[in-house]
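For reference, the structure discussed in these notes is given below.
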Amino acid sequence: MPVPEQDDKAYVLRILASFPTEFRMPLMAQYHAAPTKRDANIGIRATRDNVAKAIGAKPISLNLDLCEEDLRKKASEKADNCTRLTRLSDSPKSAYEDIAAYIRGKGIKPPIPRILLKGDVDTADTESDAYKGAINRTKNSAWWLRKLRQKLNQDIEATAQHIGLVNKRKQIYCSNITLNRRTAQLAYQDKLMSSSFVINDAGQRYSLKELSDLNVSNPEIRRQELMVRARGFQELAEEHKHIGLFLTLTCPSKYHSSYGTTGHRNPKWDGSLPKDGQQYLRDIYAKIRAQLDRDNIKPYGIRVAEPHHDGTPHWHLLVFIAPEQKQRMLDIYRHYAF
């Protein structure tokens, strides 16, 4: 079992500092499992480099160990940078193009200018306003804070995938750190809404939490709404003598990072993340829907996405259709999904 010597410790600690505290013990376990010290040093560096490549960062500047204060500071800095870029440009359009390039360089999608409705008069003023609206969002530190939080959470989960933490044998469906961060976020939002109040014209006073619990933000109401919709589809199908089918769409092996039985790394995995798997399913489903439309087949029902043990998504579909169209629809699904 390789143990870092004095010269190696600084090197290893420098790499570990790039990762959240929760990931350092698993990384050191992989380090100690290497056959030689040389293999251990090369392995931990390769892990860092692979993670950096996966999330679009430079290995030497990789830093996922950020707290809320760090994110707020970065958000303020980046909003100020966008303000400076605006001053250096000679038009709203050129300012937006410069800012958009800057934002993409951070691995974030820039806001899209308001697109004029088809048939509207495209004057210089309306085009200018469209670009200014998008620019103003990028100059707002609150916009940056939301985007940086989202990017950090995605990068942390991608890292967990790459170091083999998310699978049936370790941390199922998602990493523990992602689960804990999400739980803390929901608790914070709940506390904030419980302490914020509104008063209507009749003088009635409610907390935002009370109002939120009355709509689909409440998981129980959301579940009930899903069941009501499913029952409605069933009654409609019975009325028209349609049949129901339960279908599942999954991703190929290259999207799965780990085996379900052992939790070992899948050698066919190409580094794809859950979001890549979701995009694959969306692309396949778009082709299926297009072919169904060409064949004048109009299924209806419910579609839900769920994770496999390693976080890779799969879709379940409950669809209703005329009996005489069943076989053709199944043929279309098989053609595009296999």
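The values are calculated or read from the model by the stated rules, or taken from the named source; none is laboratory data. These numbers come from a predicted model, not from an experiment. Backbone-built Cβ (ideal geometry, glycine too); neighbour counts: all protein chains shown.
Check whether at least one residue in the stretch 134-145 is loosely packed, with under 14 Cβ neighbours inside 10 Å, assigned to a helix (DSSP H, G or I), at pLDDT 90 or above and of a type in the set (A, V, I, L, M, F, W, C), and report yes or no. Yes, the conditions are met somewhere in the stretch 134-145.
Rundown of residues vs (1) assigned to a loop (DSSP other than H, G, I, E, B); (2) farther than 21 Å from residue 329 by Cα, yes/no style:
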| position | (1), (2) |
| --- | --- |
| 209 | no, yes |
| 215 | yes, yes |
| 282 | no, no |
| 292 | no, no |
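State yes or no: is residue 95 over 18 Å from residue 152 (Cβ atoms), in contact (Cβ under 8 Å) with a residue 12 or more places away in the chain and hydrophobic (A, V, I, L, M, F, W, C)?
Details: over 18 Å from residue 152 (Cβ atoms): yes; in contact (Cβ under 8 Å) with a residue 12 or more places away in the chain: yes; hydrophobic (A, V, I, L, M, F, W, C): yes.
Answer is yes for this residue.
Residues of the stretch 48-62 that are part of a loop (DSSP other than H, G, I, E, B) and surrounded by 12 or more Cβ atoms within 10 Å (Cβ to Cβ): 56, 57, 62. Could you tell me whether the stretch 258-272 includes any residue that is under 20 Å from residue 172 (Cα atoms) and without any contact (Cβ under 8 Å) to a residue 12 or more places away in the chain? Yes, some residue in the stretch 258-272 is under 20 Å from residue 172 (Cα atoms) and without any contact (Cβ under 8 Å) to a residue 12 or more places away in the chain.
Considering only residues that are polar (S, T, N, Q), surrounded by fewer than 17 Cβ atoms within 10 Å (Cβ to Cβ) and without any contact (Cβ under 8 Å) to a residue 60 or more places away in the chain, which ones fall in the stretch 146-171? Even if it seems obvious, please write down each step before you answer.
Here is the first cut: in the stretch 146-171, the ones polar (S, T, N, Q) are 150, 153-154, 159, 161, 167, 171.
Next, only the ones that are surrounded by fewer than 17 Cβ atoms within 10 Å (Cβ to Cβ) stay: 150, 153-154.
Once the filter is applied, which keeps residues that are polar (S, T, N, Q), surrounded by fewer than 17 Cβ atoms within 10 Å (Cβ to Cβ) and without any contact (Cβ under 8 Å) to a residue 60 or more places away in the chain, the stretch 146-171 yields 150, 153.
Residues being without any contact (Cβ under 8 Å) to a residue 60 or more places away in the chain and either surrounded by fewer than 18 Cβ atoms within 10 Å (Cβ to Cβ) or assigned to a loop (DSSP other than H, G, I, E, B) (or both): count how many of those fall in the stretch 245-257.
Start the filter on the stretch 245-257 by keeping residues that are without any contact (Cβ under 8 Å) to a residue 60 or more places away in the chain, which leaves 252-256.
This time we only want the ones that are either surrounded by fewer than 18 Cβ atoms within 10 Å (Cβ to Cβ) or assigned to a loop (DSSP other than H, G, I, E, B) (or both), so: 252-254, 256.
Result for the stretch 245-257: 4.
Filter the stretch 172-208 for residues that are of a type in the set (Val, Ile, Thr) and in contact (Cβ under 8 Å) with a residue 40 or more places away in the chain and give the result. Please lay out each step first, then the result.
Step one: of the stretch 172-208, the residues of a type in the set (Val, Ile, Thr) are 172, 177-178, 183, 198-199.
Within the stretch 172-208, 172, 177 meet the criteria.
Filtering the stretch 306-331 to residues that are surrounded by 13 or more Cβ atoms within 10 Å (Cβ to Cβ), under 24 Å from the mean Cα position of the chain (by Cα) and assigned to a strand (DSSP E or B) leaves 307, 313, 314, 315, 316, 317. Pairing each residue of the stretch 304-322 that is more than 22 Å from residue 162 (Cα to Cα) with any residue that is among the hydroxyl-bearing types (Ser, Thr, Tyr), provided the two are 6+ apart or on different chains, yields C-beta distances under 7 Å for 315/248; 316/248; 319/300; 320/300.
When the stretch 183-195 is filtered for residues that are loosely packed, with under 11 Cβ neighbours inside 10 Å and either in contact with a Lys or Arg (Cβ under 9 Å, 6 or more places away or on another chain) or on the phi > 0 side of the Ramachandran plot (or both), only 195 remains. Comparison of 38, 14, 45 shows that the only residue that is surrounded by 13 or more Cβ atoms within 10 Å (Cβ to Cβ), of a type in the set (D, E, K, R) and either out of contact with any strand residue (DSSP E or B) (no Cβ under 9 Å at 6 or more places or on another chain) or in a loop (DSSP other than H, G, I, E, B) (or both) is 45.
Please specify each residue of the stretch 264-280 satisfying the condition of being outside any helix (DSSP H, G or I) and either in contact with a Pro (Cβ under 6 Å, 6 or more places away or on another chain) or on the phi < 0 side of the Ramachandran plot (or both).
Let us first name the residues in the stretch 264-280 that are outside any helix (DSSP H, G or I), namely 264-273.
The answer is 264, 265, 266, 267, 268, 269, 270, 272, 273.
Of all the numbered requirements in (1) part of a loop (DSSP other than H, G, I, E, B); (2) in contact with a Gly (Cβ under 8 Å, 6 or more places away or on another chain); (3) on the phi < 0 side of the Ramachandran plot, residue 65 misses one, and that requirement is (2).
Each row is one residue, and each column tells you yes or no for (1) in contact with a Lys or Arg (Cβ under 8 Å, 6 or more places away or on another chain); (2) modelled with pLDDT under 90; (3) in a helix (DSSP H, G or I); (4) surrounded by 14 or more Cβ atoms within 10 Å (Cβ to Cβ).
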residue	(1), (2), (3), (4)
70	no, no, yes, no
74	no, no, yes, yes
79	yes, no, yes, yes
82	yes, no, yes, yes
97	no, no, yes, yes
100	no, no, yes, yes
103	yes, no, yes, yes
108	yes, no, no, yes
121	no, yes, no, no
